[in-house]
Structures are given as C-alpha cells and as structure tokens.
Amino acid sequence: MRVIIAGGSGFLGRQLARRCVDAGHDVIILTRTVNPAVPFKQLEWDGKTLGQWTEALTEIGPVAVANLAGKLVDCRPTASNIAALRTSRVDATRVLVLASQLRKEPVSHWLQASTTAIYSDAGELHLDELSDLPSPGLPQMTGVAAAWEAALEGANTTSKTILRTSIVLAQGCPAWDRLTLLVRWGVGGTVGRGQQWTSWIHIEDWLRIAMVALGLDPQLAAPQGVVVASSPHPVRNRELMATLRSHLGRRGIPTPSALVTLGAIVLRTDPALALTGRFVTSTVLKDAGFTFRYPDLDTAVTHILG
C-alpha cells in the first residue's frame, strides 16, 4: 500500500510513518518544510493548493491517506490564533479532498484526524462517538474541530474514519513532555480543582487504531465514521498528576486556576488545555473487538518510563 501522510513531520506522523514502513508499506509525507533528518520520502506542499505533490495521490494504484495536518494547539486563544488553527486544518483537508477527486478510483482508506477536544469542557458527562457536540462550545476546541471534520465532505474514498484523538502519552509527545517536565520541576501538583477529566491514550494503542483505520490491520475492518481514540479508563487531573509524581519520585505543589491562567500568558499557551476536561471513551472500538494493550494509566506510565 502507498500511504500518504499529510502533516507527517509531526510527532504522530513520524510514528505512524515508521509503523507503516515496518509493516512493508510505502510512505510519502506531505510537509510544508522538507526535513533531511526525517528518514521518509517527503513532498513539499503549502496545505492549501494543488501542486506537484498531487501526483503522489492521483497516481494509479492502491493508496491510503492519513490527514494529520494542522497548526499546533499549544498557543494563546486569541482570535487570530484560533482562525489559524481552524484554517490550517480546513484548508489542508479541502485540498486533499480536491486531489482525491482527480483519482480514477477511490482512495482505499482515509484516516481523518480530529480531537476529543471537540466536546469542549464536558464536566461530568460520559461521552462516546454518538454524543452530541456542545453548541457553540469553546471556539478553540469545538469551533476548530467541527469545521475540520466537516471539510472532509466529498472525499473520494471507499472508507472514511474520523479519529477523535485524546491526549497521547509517549516520550517525545508534546503533552507528555510538558506534564513530566512540570513534575520534575516540583510543580506537578493538582491543576485547578483537579476534578477535570483527562481522556488519554498510549501511543502504541493509537498506532494500532490508526493502522486499522488505514486498512493495514488484517485482523480488524476499518470502522466507518467517527471513532474515539481514547483509553477505556479516563482519570481526573488529580489522579493523572499523582500517578506521574509517584512514578517520577517527586512531590508537587498544587497550581490554583488563577495561577494557571497567569502562567499560560507567560508560556504563551491556552489555560483551557489544563483547566477543562472531558470523559470520552469509544463504543465503536469495543463493538469492533479492539483490545487496548494499555487500558489503565499506571500500566501505560510504567511502560513509557521503562
């Protein structure tokens, strides 16, 4: 299979590319800046317009698409930043859809990235793929992700999976590195009230789900439509931070909400990333027979820290 990964130079893209190559598939990464250090074939694109890269998608033969393209969410929630978050995702998706329509036969499988943040701050609700989206929801969460998913309309593909991914835990993953750095600095205590739910997933389980979505797992059929990529056991923030402190052998000072908001200004990030939460699990994966290798937080953290 020829696998095209848009936005493949990011952490998840590189991990997925390696998994595909190890499984014997050809990988092409679409990126805005070609990086000689990345050991995969790369084609430059601007994420907005058709160009020479289009030939990789329209070339005759079976092809799968993983669309992971988009600006990193770790930024201040200003109107301009929110617009950039949205347009970077929507434009990239629309031009991929346009390129797919130039093919003589459909793309075999399409993995469309999305996020569980689409549910915004869900409080005590327990959510899955069939749960209604909040209206209007937070603009930097629901406002970005809903438009991202909608941009997939018209894709020329026989299989379409919209993967709403929770926080991915892995060495080198931005969320994991930020959390463990805070713990090592001694400020990894409860964040805000600590009651907010954290939905998370180990990188290995995310990769296995992604391979299923791309039709590259002979054991399971690719689920159609929305799929939540999240462990079956979300935890509250206080449990997340306590688990990390226990494994890293550190104490932690609690961070009140007001201090989180102030610190976010200094770090040029969005305080809602830490102060909001959601309890989201997948009914679709359970019904499909998918089994998580790292279903609980302690097992996942133990494996990551080796």
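Okay, here's what the table says:
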read-out	value
Single unsatisfied condition, Leu57 versus (1) without any contact (Cβ under 8 Å) to a residue 24 or more places away in the chain; (2) in a helix (DSSP H, G or I)	(1)
Matching residues, segment 185-210, being modelled with pLDDT of 95 or more and farther than 20 Å from Ala272 by Cα	His202, Ile203, Glu204, Asp205, Trp206, Leu207, Arg208, Ile209, Ala210
Unmet requirement for Arg94, which otherwise passes all of (1) touching a residue at least 40 places away in the same chain (Cβ under 8 Å); (2) in contact with a strand residue (DSSP E or B) (Cβ under 9 Å, 6 or more places away or on another chain); (3) charged (D, E, K, R)	(2)
Gln112 vs. criteria buried (at least 20 other Cβ atoms within 10 Å of the Cβ), of a type outside the set (A, V, I, L, M, F, W, C), in contact with a Leu (Cβ under 8 Å, 6 or more places away or on another chain) and free of Cβ contacts under 8 Å to residues at least 60 places away in the same chain	yes
Per-region count, segment 163-178, residues buried (at least 18 other Cβ atoms within 10 Å of the Cβ) and either over 19 Å from Ala69 (Cα atoms) or among the aromatic types (Phe, Trp, Tyr) (or both)	3
Leading residue by the ranking (farthest from His126 (Cα to Cα)) among those in segment 273-306 that are surrounded by fewer than 18 Cβ atoms within 10 Å (Cβ to Cβ), in contact with a Leu (Cβ under 8 Å, 6 or more places away or on another chain) and of a type outside the set (Val, Ile, Thr)	Leu305
Segment 170-214 - residue that is outside any helix (DSSP H, G or I) and hydroxyl-bearing (Ser, Thr, Tyr) and, of those, nearest to Ser231 (Cα to Cα)	Ser199
Test: residue in segment 190-206 that is surrounded by fewer than 18 Cβ atoms within 10 Å (Cβ to Cβ) and hydroxyl-bearing (Ser, Thr, Tyr)	no
Residue among Asp217, Asp132 that is among the charged types (D, E, K, R), under 16 Å from Phe279 (Cβ atoms) and not in a helix (DSSP H, G or I)	Asp132
Those residues of segment 65-79 which are over 11 Å from the mean Cα position of the chain (by Cα), in contact (Cβ under 8 Å) with a residue 24 or more places away in the chain and not in a strand (DSSP E or B), in sequence order	Asp74, Cys75, Arg76, Pro77
Unmet criterion (only one of (1) under 15 Å from Ala288 (Cβ atoms); (2) modelled with pLDDT of 95 or more; (3) out of contact with any Pro (no Cβ under 8 Å at 6 or more places or on another chain)) for Ala213	(3)
Residues being more than 21 Å from the chain's Cα centre (by Cα), surrounded by 14 or more Cβ atoms within 10 Å (Cβ to Cβ) and either at pLDDT below 95 or not in a strand (DSSP E or B) (or both) - total across segment 24-44	1
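The values are calculated or read from the model by the stated rules, or taken from the named source; none is laboratory data. Quick caveat: nothing in here was measured; it's all calculated off a predicted structure. Quick reminder, even Gly has a Cβ in these numbers, built from the backbone with ideal geometry, and neighbours come from all protein chains shown.
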